[in-house]
Amino acid sequence: MGAGGRRYDGHMSEAPTRHWDDTVNPPADVTPIGSVRCRQRAAVRGTVAAASATRWTGGPVLEVEIEDPTGLLLVAFFGRDHIAGVEAGHRLTVEGVPVRRYGRPVLMNPLFWVEP
């Protein structure tokens, strides 16, 4: 039993955008980047506007900015300086729970799918 006498079922409290175990296929339903809210699970699809290797406290990070017609979202991949196919102009779908960093939503280490 979890806190408050509720049974823990292994899932987060938010409703996932799709079945938890399906990580092979990108989600069918995506949220426009301009509608992304911190601490609410979201899947977004956009075009990589920029990708650069940098360092945050603790080590290397690949910072990727993806955009759609509604906005721009920063995605951070810790411990990486490059991911094959994640480069400017390519389409990318990411899914995770955004957090606020420097006043804007950031997806950290999300599930991701590089699209052909």
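Any read-out appearing in this document is the output of simple, stated calculations on the displayed coordinates, not a laboratory observation. Computed from a prediction, not measured in an experiment: that's the story for all the values here. Note that each Cβ is placed from the backbone with ideal geometry, even for glycine, and that neighbours are counted across all protein chains shown.
Taking a virtual spin label 7 Å from the Cα of Ala49 along the C-beta vector, which residues in the range 67-88 bring their backbone nitrogen under 12 Å of it?
What the label zone holds, given the 12 Å backbone N cut-off, is 67-75.
If the chain between Glu65 and Val97 were fully stretched, how many nm would it gain, using 0.36 nm times the residue separation less the Cα-Cα distance? Please list the in-between numbers first.
Values: separation 32, 0.36 × 32 = 11.52 nm, distance 1.59 nm.
Stretched out fully, the Glu65 to Val97 stretch lengthens by 9.9 nm.
Let me know the shape class of the range 19-116, please: from the alpha-carbon gyration tensor, a ≥ b ≥ c as square roots of the eigenvalues, rounded when a/c is under 1.5, otherwise prolate if a/b is greater than b/c, or oblate.
Numbers: a/c = 1.34, a/b = 1.19, b/c = 1.13.
Since a/c stays below 1.5, the shape of the range 19-116 is classed as rounded.
Below 15 angstrom from the Cβ of Glu115, what's the summed charge of the other residues (Lys, Arg +1; Asp, Glu -1)? Don't skip to the answer; put the middle values down first.
Values: positive: Arg45, Arg91; negative: Glu67, Asp68, Glu87, Glu95.
Spelling it out: positives minus negatives among the neighbours equals -2.
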